[in-house]
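Here is the structure we will look at.
The values are calculated or read from the model by the stated rules, or taken from the named source; none is laboratory data. The model shown is predicted, which means the values in this text are computed figures rather than measured ones. Using ideal geometry, Cβ is built from the backbone for each residue, glycine included, and neighbour counts are taken over all protein chains shown. The area values use the complete protein model at the heavy-atom level, side chains included, leaving out ligands, DNA and RNA. Shrake-Rupley method; radii C 1.70, N 1.55, O 1.52, S 1.80 Å.
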Amino acid sequence: MRKDRFQGTGTALVTPFAQDGSVDEQALSRLVDFQIDAGIDMILPCGTTGEGVTLETREWERVIEVVVERVAGRIPVVAGAGSNSTATAIALTKRAAALGADGVLSVGPYYNRPTQRGFYEHFRAIAEEGGLPVVIYNVPARTGSNILAETTLRLADVPGIVAIKEASGDLRQVMTLLDSRPEGFAVLSGEDWITLAMMALGADGVVSVVSNQAPALVLEMVQAASASDFERARRLHFRLLPLVEANFVETNPVPVKTVLAMMGLIEERVRLPLVPVSPETRVMLVRVAEELGLLKEKKVPHGHPE
């Protein structure tokens, strides 16, 4: 697969759950259609936004199967397959390959907090043994440690490592990556609020949370930035910003799922230790979603807590 397929606008897809707590496969297919119809470039199931850490192994497999089947080869499916155990990450990558994924999103090992040499050896082993293109995911706020630009640049020369989802929020680090990366290695924003700034510096797109709710707007902003139409990109950025910020008032993906339920796309259900949003946050989300035009049809929220 061409490396340039791992660019543009990717959606870190939520995992919808039914009333009995199981994965809602019909809603999952509906979400995929919503993304495809909007023209999104990549779909990334089973990541942080997809509550991947709460999925049992068979559920994780089934989510990937459903997404791959529904996408039907039209765009890349990049499955969340990370672990703080290198052996487990390799096994998950192999399984994702067998399920038809086009690549994996592999998070920096959390909790055990390896050295930079440990990061390098971890991702190199996954790329060499896993059998799929690897998108590194650097998210220090969740993992407790940062993959330095120098380490990422070393990894960019490893065959099979095709991109990084960079969510450190550190523009100095981003600039080092963009200035020195090898040809064909994609740098993707991992935070919606900083996507425009990163793309102005030369980044290749975003793995977005807000595109779950507003894929067409995020896609339009990324395409405008790619075309150096920064006046239009800025307008879209500031139009999306209230929702971007609202999505993280409480832990992601809880606000995201709340709005998607208001839109009639899913049941409003998350898995413990996540809990439904507070009444105050719910009121704010309704206002922000209405202002962005996401609730035009005034659909009744699915699974609204009693």
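Out of curiosity, is residue 138 at pLDDT below 95 and polar (S, T, N, Q)? Answer is no for this residue. Looking across the stretch 87-132, the residues that are open to solvent by 30 Å² or more (accessible area, probe 1.4 Å), within 16 Å of residue 153 (Cα to Cα) and out of contact with any Leu (no Cβ under 9 Å at 6 or more places or on another chain) come down to 115, 117, 121. Looking only at residues in the stretch 216-252 that are of a type outside the set (A, V, I, L, M) and closer than 25 Å to residue 54 by Cα, the one that is surrounded by the fewest Cβ atoms within 10 Å (Cβ to Cβ) is 251. Among the residues of the stretch 228-254, those that are outside any helix (DSSP H, G or I) and over 20 Å from residue 141 (Cα atoms) comprise 228, 229.
Among strands (runs of 3 or more DSSP E) lying entirely in the stretch 23-124, which contain 2 or more residues that are at pLDDT 95 or above, at positive phi and among the charged types (D, E, K, R)? Working first, answer last.
Details: elements: 42-44, 78-80, 103-107.
No strands (runs of 3 or more DSSP E) qualify here.
Scanning the stretch 23-43 for residues that are in contact (Cβ under 8 Å) with a residue 24 or more places away in the chain and open to solvent by 10 Å² or more (accessible area, probe 1.4 Å) yields 23, 24, 25, 29, 30, 33, 34, 36, 38, 39, 41.
Restricting 189, 145, 180, 168 to residues that are polar (S, T, N, Q), open to solvent by less than 10 Å² (accessible area, probe 1.4 Å) and either under 29 Å from residue 257 (Cβ atoms) or free of Cβ contacts under 8 Å to residues at least 40 places away in the same chain (or both) narrows the list to 189. Just one residue in the set 156, 214 is closer than 30 Å to residue 289 by Cα and either among the small types (Gly, Ala, Ser) or in contact (Cβ under 8 Å) with a residue 12 or more places away in the chain (or both); that residue is 214.
Here residue 201 clears all of (1) in contact with a helix residue (DSSP H, G or I) (Cβ under 8 Å, 6 or more places away or on another chain); (2) buried (at least 21 other Cβ atoms within 10 Å of the Cβ) except the condition numbered (2).
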